[in-house]
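Throughout, read-outs are computed from the coordinates displayed, never taken from laboratory work. Here the structure is a predicted model, which means the values were calculated and not measured. Cβ placement follows ideal geometry from the backbone for every residue including glycine, while neighbour counts extend to all protein chains displayed.
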Amino acid sequence: GLKKEAKGNDELMRSPQGKQLMRIFLAMTEMKKNPLKEQAKDVQTIGMLGAGFMGAGIAQVSVTNDIEVLLKDVDEDTIASAKKSIWDDFQRKVKKKAMRPAESEELITRVNSELDYDRFGKADLVIEAVNEDINLKQKILKETEDNTREDAIFASNTSALPIKRIAENAQRPSRVIGMHYFSPVPKMPLLEIIVKEDTAKWVEATALELGIRQDKTCIVVKDGPGFYTSRILAPFLNEALLLLEDGVDIEQLDHSMKRFGYPVGPIALLDEVGIDVAAHVMSGELMDYYRQRKGAKPSEVLPKLHEAGYSGRKNQKGFYKYDANGKKRKGLINKEIYEFFGNPVKKAYVEEEIQYRLALQMVNEAAMCLEEGIVQSARDGDIGAVFGLGFPPFLGGPFRYLDSLTCQRAVEIMEDLKKRAGELFEPANIIREKAIKSERFHDDYPG
């Protein structure tokens with residue numbers, strides 16, 4: 001039995017999938033070091049604006065790493081609910097003997113309830129996690145600057161709104177940065193840090209150091225519509241919706257992408273994230289940017305679903321059917337939803353075509369982000385997609401996947417898809433260039 005297990009482990013480690021997983025681990029370990037550490041300022045206290053699900057999660061990963069939190073909201077009950085969710089999670093850890101009872105009691109005292117800004121003078125960095133409304137975020141920024149020290153950093157947890165727009169009326173724009181956490185914050189390992197052209201280097205360094213202290217794997221990206229993760233996710237989800245409009249079955253689509261290696265299918269993901277949230281993210285400047293593409297066909301279904309009261313799992317009204325507790329009823333599709341797609345005649349698609357059409361939309365967009373300098377390196381692009389969006393880790397990320405597939409083969413597949421599915425499958429220039437030169441994105445391939 002032991003010999004068989006050892007043989008299996010050896011085969012796994014030598015396999016392409018095993019090597020990709022090891023590369024992910026080594027990259028993650030390397031990224032725990034802050035190359036700008038000497039420029040980072042010490043953060044002892046953070047202000048957390050918004051005590052909803054995200055705000056509570058950010059507060060939790062902060063207090064568990066010796067950072068005091070001023071948790072502010074307009075409603076005392078919301079703050080109490082956030083503190084209870086943190087406490088309940090601590091008690092689950094106590095029950096599993098992953099935390100001592102005395103430690104949980106000490107940690108919860110670091111979460112301070114705030115209904116105003118009176119004590120925000122002690123905050124070294126303030127993070128906002130309010131609704132995705134540009135006017136609200138600008139208002140919150142002004143209030144923060146009026147009530148904090150001049151050297152305090154303001155970070156927005158927005159998933160898609162450009163940081164430049166949030167900061168356009170700021171008193172101290174060089175101290176405004178994006179810190180995009182992923183839900184649920186205590187479990188999701190990625191933190192996407194967004195810098196503007198005028199973001200001070202010490203501000204970037206401090207945000208990066210804070211993220212590392214919070215046990216996050218951080219990537220630093222440039223400001224722009226959707227940043228990196230939301231930008232590469234949008235065409236992936238849009239292609240899924242277009243396939244549904246063309247007659248693909250919801251279950252076949254999700255099942256195909258799970259077989260490709262994604263932990264959850266794109267339609268189930270929309271229900272989990274929230275149709276209302278997805279409709280917001282896939283609109284505004286991000287979708288305006290997408291519409292400029294040759295052959296772009298933005299689906300109009302999500303806004304219609306949102307207007308009709310569909311929010312997904314959170315209100316038990318989505319693509320799938322749910323019980324009263326929000327648990328998915330296995331194998332039950334909400335067939336009424338097909339009406340929003342025009343009740344298309346069902347079409348049989350080869351699984352591989354579904355997989356290529358969705359995965360290569362994400363991969364191609366990632367390549368464009370690298371080409372434009374939105375993401376700093378192929379390594380960062382891989383980590384962002386794997387840890388933030390669930391790109392199959394055993395494929396190594398978008399750029400490792402291109403290396404194993406080869407850019408020549410990727411161009412061939414996308415050229416074929418372009419003939420059948422439209423100009424949006426035009427390969428990114430950087431992929432074409434590497435195909436011509438027989439180059440790869442990573443120097444250590446096959447390694």
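Relative contact order of the chain: 14 percent, from C-alpha pairs under 8 Å at least 6 residues apart in sequence.
Would you mind ranking Thr158, Thr109, Thr78, Thr64 by Cβ crowding within 10 Å, fewest neighbours first?
Going from sparsest to densest Cβ surroundings: Thr109, Thr78, Thr64, Thr158.
DSSP finds beta bridges in the chain, and of those with both partners inside it, around 25 percent are antiparallel.
A convex hull fitted around the alpha carbon atoms of the stretch 48-132 yields 88 Å³ per residue.
Below 8 Å between Cα atoms, with a sequence gap of 6+, how large is the relative contact order for the stretch 251-394 in percent?
Over the stretch 251-394, the number comes to 24 percent.
Note that the stretch 214-231 has calculated 3J(HN,Hα) couplings of 7, 6, 9, 8, 10, 10, 9, 10, 7, 5, x, x, x, 6, 10, 5, 5, 5 Hz, one per residue in order, obtained from phi through the Karplus relation 6.51 cos²θ - 1.76 cosθ + 1.60 (θ = phi - 60°); glycine and proline are x.
Taking the Cα centre of the stretch 37-222 as reference, the dipole from Cβ charges on Lys and Arg (+1) and Asp and Glu (-1) amounts to some 680 debye. Derived scalar couplings between HN and Hα for the stretch 304-321 equal 5, 5, 4, 4, 7, x, 7, 10, x, 4, 4, 10, 6, 9, x, 6, 9, 8 Hz in order, rounded to whole Hz, by the Karplus curve 6.51 cos²θ - 1.76 cosθ + 1.60 (θ = phi - 60°), x for Gly and Pro. Specify which residue in the list Pro225, Leu332, Asn169 is farthest towards the positive end of the charge dipole of the chain, using unit charges on the beta carbon of Lys, Arg (+1) and Asp, Glu (-1), about the Cα centre. Result: Leu332, furthest along the dipole toward the positive end. Amide H to amide H distances under 5 Å link Gly47 with Leu70, Asp124, Leu125, Val126, Ile127, where only residues 5 or more positions off or on other chains count and H is placed in the peptide plane. Given in Å, the Rg to one decimal and the Dmax to the nearest whole number for the Cα atoms of the stretch 229-341 are 13.6, 44. With Cα atoms defining each centre, the stretch 296-373 and the stretch 239-255 are spaced 7 Å apart in the structure. The spread of Cα positions in the chain, taken along each principal axis and listed from longest to shortest, comes to 61, 55, 50 Å.
With a 10 Å cut-off between alpha carbons and a GNM built on the chain, which of Glu68, Glu371, Glu339 moves the most? Fluctuation is largest for Glu339. Each residue of the stretch 373-388 was assigned a 3J(HN,Hα) from its phi angle through the Karplus curve 6.51 cos²θ - 1.76 cosθ + 1.60 (θ = phi - 60°); the sequence is x, 5, 10, 6, 7, 4, 4, 5, x, 5, 4, x, 6, 6, 7, x Hz, with glycine and proline shown as x. Result for the chain in a Gaussian network model with C-alpha springs under 10 Å: among Phe319, Phe182, Phe90, the largest mean-square fluctuation is at Phe90. When the square roots of the Cα gyration tensor eigenvalues are ordered a ≥ b ≥ c, the ratio a/c for the stretch 35-193 is 1.5 or more and a/b exceeds b/c, which makes its shape prolate.
Taken about its Cα centre, the chain carries a charge dipole of about 1460 debye when Lys and Arg each add +1 at the Cβ and Asp and Glu each add -1 at the Cβ.
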